[in-house]
Amino acid sequence: MPTVDARPHPYTFELSTTALLVIDMQRDFLEPGGFGESLGNDVAELRRTIDPLAALLTAARETGLPVVHTREGHLPDLSDCPPAKRARGAPSRRIGDPGPNGRILIRGEYGHDIVDELAPIDGEPVVDKPGKGAFYATGLDTLLADRGITSLLVTGVTTEVCVHTTVREANDRGYECLVLADCVGSYFPEFQRVGLDMIAAQGGIFGWVADSAALIAALRTAWAAPAPPTTESSEPTTAPTITTAGSPGVPAGPPAPSVPQPC
Ligand code: TIU
């Protein structure tokens, strides 16, 4: 089983019961002219998450780890948007207003979709959610249960809003969560630091925190090829490989046995 150097202590998980969760990596939060900027935020604060998350996505896909994406947004008629959510604050553009990337935070608009660098590939579910938490008013819990997933590798934006809400929801539902510090981002550096501290404090009250490099290293170790055969056989392996940016791939080993881990 992979073990990741994490805080408050190492995180051990089963490959067969773990998924990578990518929360709300949408243009509306990461690019100018969207919801995040309309709230007065500097979107550049979030964009540093894109490269490490792209590398982690590559590793997850090559190891066969399930990947689930989420998007925050609302129906075009705003029937799933609480009036209080739309009315709050003094944004330059409110939810549903027209912007350079289409209507703000509305499903189907260009700004609502995931940034090109992290675009879902065939077979990866995309969960549309009207709230901050990914479990609220979605089928995420059922989707994960159907796949036997009990452990979540959590990434996305923003750390203190949708990531935190989702980790708290997941924790109450019995999921183990490892949050990847360099793959989650906040518009506020102090919220990034404190948000991560709050997850790992008190013995991991909500979960664990690690860097993506540690996770990728653990995945590579878990999937490393078994020792070469001592016979004369020199059959080339056809196993998939795990690669990280700038490093060669390593042959993958067999998947871990499918033993559900306790919640
Ligand atoms: N405003 C803010 O920090 N975040 C959100 O509104 N949504 C998510 O975090 N996805």
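Please treat every number below as a calculation from the coordinates, not as lab data. On a predicted model such as this, the values are computed, not experimentally measured, just so you know. Cβ sites come from the backbone with ideal geometry, for glycine too, and all protein chains shown count toward neighbours.
Under Stokes-Einstein, with the Kirkwood radius over Cα pairs standing in for Rh, what whole-number D in µm²/s applies to region 167-210 at 37 °C and 0.692 mPa s? Write out the running numbers ahead of the final one.
On the way: Rh = 10.6 Å.
In µm²/s, the coefficient is 308.
Per residue, how big is the convex hull around the C-alpha atoms of region 23-96? Give it to me in cubic angstrom, could you? Let's see the in-between values first.
Values: hull volume 7.3 nm³, N = 74.
Here the figure is 99 Å³ per residue.
With all pairs of different alpha carbon atoms counted, what Kirkwood hydrodynamic radius in Å does the chain show?
Every distinct Cα pair counted, the radius reaches 19.1 Å.
For region 1-142, build the convex hull from the C-alpha positions and give me its volume per residue in Å³. Could you put the intermediate results ahead of the total?
Values: hull volume 19.7 nm³, N = 142.
Hull volume over Cα atoms, normalised by residue count, gives 139 Å³.
If exposed means no more than 12 neighbouring beta carbons inside 10 Å and the site is in a DSSP loop, what's the longest run of the chain without any exposed trypsin sites (Lys or Arg not before Pro)? Can you show the working numbers first?
Details: sites that count: 48, 88.
With trypsin sites (Lys or Arg not before Pro) excluded where exposed in loops, the chain gives 89-263 as its longest stretch.
Using Stokes-Einstein with the Kirkwood hydrodynamic radius over Cα pairs, what translational diffusion coefficient do you get for region 142-181 at 10 °C and a viscosity of 1.306 mPa s, in µm²/s rounded to a whole number?
152 µm²/s
I'd like the Kirkwood hydrodynamic radius of region 118-206, using the inverse of the mean 1/r over distinct C-alpha pairs, in Å. If you can, show how the numbers build up before the last one.
On the way: mean 1/r = 0.0733 Å⁻¹.
For region 118-206, inverting the mean 1/r across all distinct Cα pairs yields 13.6 Å.
For a quick size check, give me the Cα extents of region 86-151 along its three principal axes, largest first, whole Å.
43, 27, 17
Taking the Cα centre of region 1-55 as origin and charging only Cβ (+1 Lys, Arg; -1 Asp, Glu), how large is the dipole, in debye to the nearest 20? Can you show the working numbers first?
Numbers: 4 positive and 9 negative charges, 29 e Å.
Value, rounded to 20: 140 debye.
Nearest 20 debye, what's the magnitude of the dipole of the chain about its Cα centre given +1 on Lys and Arg Cβ and -1 on Asp and Glu Cβ?
Details: 20 positive and 33 negative charges, 117 e Å.
That gives a dipole near 560 debye.
Charges on Cβ only, +1 for Lys and Arg, -1 for Asp and Glu, centred on the Cα centroid of the chain; of 79, 54, 67, which one is farthest towards the dipole's positive end?
Among 79, 54, 67, the one farthest towards the positive end of the dipole of the chain is 79.
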